[in-house]
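Notes to accompany the following structure.
Please treat every number below as a calculation from the coordinates, not as lab data. From a predicted model like this one, the values you see are computed outputs, not experimental measurements. Note that we place each Cβ from the backbone using ideal geometry, even for glycine, and neighbour counts take in every protein chain shown.
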């Protein structure tokens, strides 16, 4: 007869084994458990007493995100780790009424009327980068677009022109934090901050630099009262119409820090995977290029040009489906039992909702491993809304999603009018490394072939 303590012992062994496998290859781990017709899969896990609950039914995802958000909170372990990097006052880590207040005050910074003003600035950044490109040159597309999106987000947040040069210390410090986030998020046993090792000293210095510089920027801007059109100005001006409340300097500082890393890395990774799919599918690349030329001609890119780019929207959505930069939503701890369908997720369970897993389910998508933008055309789009969640869903959907998509469209429009993208290695697979975002193995070497469509300067 098997004793109860023996069952608990074997559960602990299974949970430890699962934790190690998840750390080694989290997406493969989840996909192996998603190969089922179940709506939820319970996974024993050493770091969570009640284990993980992998949600596979999009109806359940909808119910959890839309109807039960206050029964969840960010998993304390991840919140603690990420909070050391991004700041505990970042919007992503707030809960319930505190989050609602902050989201309400932050939303005007991302209104269409404000972000449409960034089109010219984004266009300028990509043009500056392209001036260094030559016909036939091979570039690592991931490195190139990461550098340009870093400059873009630096100007969008702080109105700092040429961020990597005019704010070199801040730029370097954010790069240290980006690497720190990857290490801390994937470490089974995070190293305490007090440990006297070189990496920890470097990270502490970077955090201190960022806090000092951003605090000085906020102080300077408060004194001047000037609206420079950036997000810092928008957050300083935000007022709750009902209460008259404003965001404190500390809240603004954490918001800006929390926006910087996700605000450029996810966009860069999305552009990287788009370059891969366009290199693999030259017919799709040519169709997209012809649409861009038809809509934009050889003119400067404007906000009004972006909406008619319908095929580009399909290409972007399909890239988001196949390679969502955010491969899993923040794991959430259940603070009150959640009843979905015929299932109950108990208090203390950890809910896992993965865009990658949902986007690759054969029961939700036809041929999910084939890149096919047509599946998002108006005539074909019949997928469940919550089977496609690259930006999350419900009230906590990504606040910067419209800005990110606009940025991607401007950058693609500029590049593809001037260059055809060729994979240096046509046999390259979409092998990836799941860090904070989904990175391609060995980068993304792309050969640039100049088009002769336009000869005018600046196109």
Please compute the volume of the convex hull spanned by the alpha-carbon atoms of the chain and report it per residue in Å³.
168
Mind putting together the pair-distance distribution for the range 293-354? All Cα pairs, 5 Å bins, whole percent per bin, short to long.
4, 14, 13, 12, 9, 11, 10, 8, 7, 5, 5, 1
Rank the residues 73, 241, 95, 220 as a footprinting-exposure proxy: fewest other Cβ atoms within 10 Å of their Cβ go first.
241, 220, 95, 73
From the P(r) of the range 221-270, can you give the percent of Cα pairs sitting at distances over 12 Å?
68
Exposure proxy ranking, count of Cβ atoms within 10 Å, fewest first, for 249, 135, 159
135, 249, 159
Kindly provide log₁₀ I(q)/I(0) values, in the same order as q = 0.15, 0.20, 0.23 Å⁻¹, from the Debye equation applied to equal alpha-carbon scatterers of the range 354-459.
-0.98, -1.37, -1.38
For a footprinting-style exposure proxy, rank 365, 133 by other Cβ within 10 Å, fewest first.
133, 365
Residue-averaged [θ]222 nm for the chain, counting only DSSP H segments that reach four residues, each worth -39500 (n - 2.57)
-16000 deg cm²/dmol
So between residue 369 and residue 42, what do we pick up on full extension, going 0.36 nm a residue minus the alpha carbon distance?
115.2 nm
Quantify how much of the Cα-Cα distance distribution of the range 40-141 extends past 15 Å, in percent.
79
